[in-house]
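The values are calculated or read from the model by the stated rules, or taken from the named source; none is laboratory data. A quick note: this is a predicted structure, and the numbers were derived from the prediction, not measured. So basically every Cβ, Gly included, is an ideal-geometry build from the backbone, and we count neighbours across all protein chains shown. Surface areas here come from the heavy atoms of the whole protein model, side chains and all, with no ligands, DNA or RNA. Shrake-Rupley method; radii C 1.70, N 1.55, O 1.52, S 1.80 Å.
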Amino acid sequence: MEIKKKEIWFTLSKDVYISFNSPEKLLLYNTSNGKFLVVTNSKCIELINKVYEPSNLGVVDIETIELDSNILDFLDKATSSGIGLTTKKSVCPNKPINLLPILNLQNDIEKLKLNGKEHLMGHYIADYLTSLNIFITTDCKQNCEYCDSYFKQTLFCTKSTEQQYIKIETLQKIFSQSASTNVNKINILGGNIMLYPQWDMLIDLLKKQSFDFHLWINLVNITDYSFFTNIPFHKEILVNCPVDIERLKKIISFAETQNDVTFNFIIENENVYEGVVNLIDEYKHLKYKLIPFYNGSNIDFFKTNVFMEESDILSDLIEMRIIFRNQKLNANFFGQLTFLVDGQVRANMNTLPIGYFPDKSILELTYEELIQNTIWRKVRDGDTCTTCMYRFLCPPPGNLETVLDKQNLCHIKP
Ligand code: SF4
Ligand code: SF4
């Protein structure tokens, strides 16, 4: 075998991400083909670390390494999976250089912070903001059991006893300030948004904008089917238990042929899951999402169906840019702001307000979140995730982690 001759240069492919989060267990993940190696042997770990020593410039002379069966086995597996690369010294007598990828995102927030608020308030800020959620009214005549919980786990309607709504003038200001940002999608939520007191003016105002509006309406609030289907924007139908099956089927029959309706099903247990899946199976063109919901007493459902296994994390190819992104920001929430009827603006419904609109402009609120970091840049953290080799391959933490007060919603022992 060539490797036994020792006269080779060894390096790692530029496509390989190495997780050093667990010092005794390295993960080498090939982002071009999804192949990976878990390395626990101390001599192999030493060899990998040598590749990263600045003086080695990404390449190790195997003649300087004491070869044993573990190293040979590692070199074999690494080269056959495209993770490691070898070059014969007879072909390349002079030591090559291999500049390995190192995290270095342009416009890094920390660098921008050093340049001060004035610099940050420029066009960079506008680029970061990509979508808005606007709760326009707290009014709703229904009494859903988990009205005060759904919205903390997913985009969902919620009401309050004190009925309030955002004035049309305030919405106008939000839209005109957002026009100079990267905002594309705007979610409009309530309460029951169809109880908004200036409904016709609202629809006229939305029609004049160039944003992609999604209007969120609970199934229980849809009684006038033709009124509902004539709303000229994308409609997101919220479906929580108990489900009025007849009403749902009727709406589906209206919606199936339209591509501007999405159903968002709250799933609390296996029975609900099976019921929903059996129902939607009949409608091949339906757009829908299944959203697991923690109701305080269904943790076993989550452990069985939602908590991740290793195979879930590694089932799809994970690109290098995704891994780098997961080290810097939270893709679940980055770029989003949520406006509440009382003027509060939050980056997430589980975090504290970052300010009030219109007291602060949208650019100022974006700046506040970038600096305060209530959620946009929260990456996988906590004792377990920090030492886990999947830390940045794993999807970023979402609302469930906050609601369950547990960072590692998985069955993996680091
Ligand atoms: S329809 Fe929505 S806002 Fe109304 S009670 Fe139910 S969850 Fe709350
Ligand atoms: S949730 Fe945390 S502990 Fe579990 S796989 Fe992801 S990073 Fe590792």
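For segment 268-311, the tally of residues that are without any contact (Cβ under 8 Å) to a residue 12 or more places away in the chain, among the acidic types (Asp, Glu) and either part of a loop (DSSP other than H, G, I, E, B) or within 16 Å of ligand 2 (Cβ to nearest atom) (or both) stands at 1. Taking GLN407, is it more than 10 Å from ligand 2 (Cβ to nearest atom), out of contact with any Phe, Trp or Tyr (no Cβ under 8 Å at 6 or more places or on another chain) and open to solvent by 50 Å² or more (accessible area, probe 1.4 Å)? Considered against the rule, which asks whether it is more than 10 Å from ligand 2 (Cβ to nearest atom), out of contact with any Phe, Trp or Tyr (no Cβ under 8 Å at 6 or more places or on another chain) and open to solvent by 50 Å² or more (accessible area, probe 1.4 Å), GLN407 comes out as no. Contact map, segment 22-50: residues that are free of Cβ contacts under 8 Å to residues at least 24 places away in the same chain paired with residues that are surrounded by 14 or more Cβ atoms within 10 Å (Cβ to Cβ) and of a type in the set (Lys, Arg), Cβ distance under 8 Å, separation 6+ or inter-chain. Pairs shown: THR40/LYS25. Looking only at segment 259-274, residues that are among the acidic types (Asp, Glu) and open to solvent by less than 70 Å² (accessible area, probe 1.4 Å) come to 2 in all.
For segment 363-372, the criterion of being part of a loop (DSSP other than H, G, I, E, B) and open to solvent by less than 60 Å² (accessible area, probe 1.4 Å) is met by no residue.
Consider SER210 carefully, then state whether it is out of contact with any Ser or Thr (no Cβ under 6 Å at 6 or more places or on another chain) and free of Cβ contacts under 8 Å to residues at least 40 places away in the same chain. Judged against the criteria, SER210 is a match. For PHE357, indicate whether it is within 19 Å of VAL403 (Cα to Cα), touching a Gly at 6+ places or on another chain (Cβ under 9 Å) and crowded, with 18+ Cβ neighbours inside 10 Å. No; evaluated as a whole, the condition is false for this residue.
Just wondering, is there one or more residues in segment 194-201 that are surrounded by fewer than 19 Cβ atoms within 10 Å (Cβ to Cβ), touching a strand residue (DSSP E or B) at 6+ places or on another chain (Cβ under 7 Å) and in contact (Cβ under 8 Å) with a residue 24 or more places away in the chain? Yes, segment 194-201 contains a residue that is surrounded by fewer than 19 Cβ atoms within 10 Å (Cβ to Cβ), touching a strand residue (DSSP E or B) at 6+ places or on another chain (Cβ under 7 Å) and in contact (Cβ under 8 Å) with a residue 24 or more places away in the chain. Residues in segment 342-351: is at least one under 20 Å from the mean Cα position of the chain (by Cα), near ligand 2 (Cβ under 8 Å from one of its atoms) and assigned to a loop (DSSP other than H, G, I, E, B)? So far as segment 342-351 goes, no, none of its residues is under 20 Å from the mean Cα position of the chain (by Cα), near ligand 2 (Cβ under 8 Å from one of its atoms) and assigned to a loop (DSSP other than H, G, I, E, B).
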